[in-house]
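In what follows, a structure is listed as structure tokens, so that the remarks can point back to it.
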Amino acid sequence: MCQHRDDTIRVDEKILDALIISSNLKPEDLTGLKQKTATPLSVPDFKPDTMIGEGEPTKDEIEYREALLDLLRKLYDKINKIIFTDKDPSKKVDSIDKPVQSFIKDGQKLVDKHIPQIWNDGIDDGIRTLEKIDKDNEYDPDKIDTFKLELILLQQKLNIRKIGLNLRGRIEQHILIKAIQQHKKQSTSEQKSIIKANPTSNWTECMRELHKIEPDLTEDELRDWCSDYVGAWGEAQGNTDKAGMFGWVEAHKEAILGALILGIITMDRTLVADWVTAGDDRVCSDCLKLEANSPYNVDEWPEEPHFGCRCEQENVRTK
Ligand SMILES: [Zn+2]
Ligand SMILES: [Zn+2]
């Protein structure tokens with residue numbers, strides 16, 4: 001993996017523990033970081049993170065990722081309306097299913113709308129390249145194998161479903177945990193009456209909303225619950241954004257390769273191309289090595305070494 005962030009590092013507790021175990025760092029070296037992750041998370045902004053991966057996303061890629069994240073934002077608003085009401089926990093669990101299912105359905109519709117568009121752009125790019133190399137041949141886009149497109153569509157749809165179902169699972173847990181906490185309190189109500197929480201300016205919106213329906217929770221309990229709840233949305237946002245980026249970049253790359261392979265068959269000649277990186281400071285050493293070892297035969301094109309690789313085939317020519 002080669003993802004660099006200039007200023008902030010976002011890590012959750014589990015990743016952090018794994019980092020401590022796998023490096024020579026002592027836990028105390030990372031105390032500062034741990035404190036940072038322990039503070040309540042702010043509400044996700046539901047906007048694409050343009051700093052993930054190598055190179056810059058195109059306007060169309062951003063539009064796709066924005067559209068997916070917009071659905072997640074709508075789901076967030078709907079679920080909040082269910083969560084922060086004084087309903088019975090089992091009713092809340094029941095009523096979050098419908099909006100989650102619409103998120104999955106609408107997200108999958110977006111996949112069907114956007115991914116074939118970028119696939120077709122890739123096919124056009126590939127055919128234009130072929131026409132420059134050999135004008136005498138005709139390249140019929142209908143002869144390009146769409147197996148990879150089908151796979152990417154399926155992968156994107158399964159990702160959306162997984163994100164929706166994971167989120168539903170985490171929210172269900174949140175509803176139930178809160179109900180259990182509440183139940184415990186009722187049985188020991190005398191002891192808890194001393195530490196009732198009072199809203200302050202440091203409270204997040206989630207804490208205020210939760211306090212309205214659960215006035216007996218302490219400030220720490222409110223903060224913990226909200227931090228986890230908002231964290232579940234943060235995780236869903238990150239996964240949605242990354243899935244969208246992956247599908248987009250992959251569809252474009254695979255379509256160009258598919259068109260070039262049609263060229264090899266049509267011209268009956270071997271085509272080679274250079275591996276060209278995005279050329280910014282997020283490009284990793286693996287990709288630089290691949291670039292240095294160019295060219296490669298188009299029909300034996302190397303696998304991209306990691307998620308977020310925006311390297312492309314350039315200078316396509318006959319061997
Ligand atoms: Zn790389
Ligand atoms: Zn790369």
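The values are calculated or read from the model by the stated rules, or taken from the named source; none is laboratory data. The structure presented is a predicted model; accordingly, all values stated were derived computationally and were not measured. A quick note on method: Cβ atoms are made from the backbone with ideal geometry, for glycine too, and the neighbour counts reach across all protein chains shown.
Note on the range 291-319: residues that are of a type outside the set (Asp, Glu), within 16 Å of ligand 1 (Cβ to nearest atom) and either at pLDDT below 95 or within 24 Å of ASP145 (Cβ to Cβ) (or both) amount to 11.
Considered as a group, the residues in the range 263-293 that are within 26 Å of ASP134 (Cβ to Cβ) and hydroxyl-bearing (Ser, Thr, Tyr) include one that is nearest to ligand 2 (Cβ to nearest atom), and that residue is THR270.
In the range 70-102, which residue that is under 18 Å from LEU165 (Cβ atoms) and under 15 Å from the mean Cα position of the chain (by Cα) is farthest from ligand 1 (Cβ to nearest atom)? Don't jump to the end; show me each part of the working.
Residues of the range 70-102 that are under 18 Å from LEU165 (Cβ atoms), as a first pass: 71-72, 74-76, 78-79, 82-83, 92-102.
Of the ones still in play, those that are also under 15 Å from the mean Cα position of the chain (by Cα) are 71-72.
Values: LEU71: 30, LEU72: 27 Å.
Filtering first and then ranking leaves LEU71.
Which residue out of LEU260, LEU222 is within 30 Å of ALA197 (Cα to Cα) and more than 16 Å from ligand 2 (Cβ to nearest atom)? One residue alone meets the criteria, LEU222. Inspect all residues belonging to the range 227-242 and state whether any of them is within 16 Å of ligand 1 (Cβ to nearest atom), within 23 Å of the chain's Cα centre (by Cα) and closer than 30 Å to HIS114 by Cβ. Within the range 227-242, one or more residues are within 16 Å of ligand 1 (Cβ to nearest atom), within 23 Å of the chain's Cα centre (by Cα) and closer than 30 Å to HIS114 by Cβ.
Condition test on ILE265, is it closer than 30 Å to LYS162 by Cβ, of a type in the set (Val, Ile, Thr) and away from ligand 1 (no atom under 16 Å from the Cβ)? So ILE265 fails the test.
Scanning the range 273-287 for residues that are surrounded by 14 or more Cβ atoms within 10 Å (Cβ to Cβ) and near ligand 1 (Cβ under 9 Å from one of its atoms) yields a count of 7.
Inspection of the range 84-92 identifies no residue that is in contact with a helix residue (DSSP H, G or I) (Cβ under 6 Å, 6 or more places away or on another chain), at pLDDT 95 or above, in the same structural domain as THR204 (by TED's automatic domain parsing) and assigned to a helix (DSSP H, G or I).
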